[in-house]
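First comes the structure, then the notes that go with it.
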Amino acid sequence: MEEKKDNNIILPSQIPPEEIQEEFLRTSAGPGGQKINKTSSAVRLVFDAAHTVLLDEAGRIRLQILAGSSARLSDGRIVIQVSESRSLQHNRLLAMEKLSSLLTLAAKVPRKRKKTRPTHSSVLKRLSDKKNRSRIKKARSSSFE
């Protein structure tokens, strides 16, 4: 059986290196030892979202909307910081995967919503429920003499 390939998936290897700036930070959260203050294991990726060649203009807008919730966004650049592991290479890999998944979500064009009308039976049910509710409320407000 032939597998169907999705053309919208952006792999970390497809991201142009000139659009990424990597910074290696000194401190990293998590378990450590005597050399915890000596090794730079945290990674900060700065991705130029405003000028990327991977996405069209609509994709760039979707990327900035998505990045507002999951990463820091400043001046058209997305900043992803990872310090989950003590290993620099593992943190680099995690940061690239986060960026890749963000780009993949932005590359996917959302489907247009088709406007539908309620069925005749659902309209009749809604109106009958409305009349029934009206009768219940009217019975509650009967005046006492």
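Restricting the first member to region 87-107 and to residues that are touching a residue at least 12 places away in the same chain (Cβ under 8 Å) and within 11 Å of ILE10 (Cα to Cα), and the second to residues that are among the hydroxyl-bearing types (Ser, Thr, Tyr) and buried (at least 16 other Cβ atoms within 10 Å of the Cβ), the beta-carbon pairs closer than 9 Å and six or more apart or on different chains are LEU103/THR52.
From the set of residues in region 61-70 that are crowded, with 16+ Cβ neighbours inside 10 Å and out of contact with any strand residue (DSSP E or B) (no Cβ under 8 Å at 6 or more places or on another chain), which is modelled with the highest pLDDT? Steps first, answer last, please.
Filtering region 61-70 for residues crowded, with 16+ Cβ neighbours inside 10 Å gives 62-63, 66-67.
Next, only the ones that are out of contact with any strand residue (DSSP E or B) (no Cβ under 8 Å at 6 or more places or on another chain) stay: 62, 66.
Numbers: ARG62: 82, LEU66: 79.
Top of the filtered list is ARG62.
Checking each residue of region 36-51 against the condition of being under 20 Å from ILE9 (Cα atoms), at pLDDT below 80 and assigned to a helix (DSSP H, G or I) gives no match. Screening ALA29 on (1) modelled with pLDDT under 75; (2) buried (at least 18 other Cβ atoms within 10 Å of the Cβ); (3) over 30 Å from PRO110 (Cβ atoms) shows it passes everything except condition (2).
Can you tell me which of LEU73, LEU99 is surrounded by 15 or more Cβ atoms within 10 Å (Cβ to Cβ) and at pLDDT below 80? Show your work before the answer.
Numbers: LEU99 fails: at pLDDT below 80.
Residue meeting the stated conditions: LEU73.
Among the residues of region 93-114, those that are assigned to a helix (DSSP H, G or I) and not hydroxyl-bearing (Ser, Thr, Tyr) comprise LEU93, LEU94, ALA95, MET96, GLU97, LYS98, LEU99, LEU102, LEU103, LEU105, ALA106, ALA107.
The values are calculated or read from the model by the stated rules, or taken from the named source; none is laboratory data. What you see is a predicted model; the values in this text were computed from it and never measured. Neighbour counts are summed over all protein chains in view; Cβ atoms, including those assigned to glycine, are modelled from backbone coordinates with ideal geometry.
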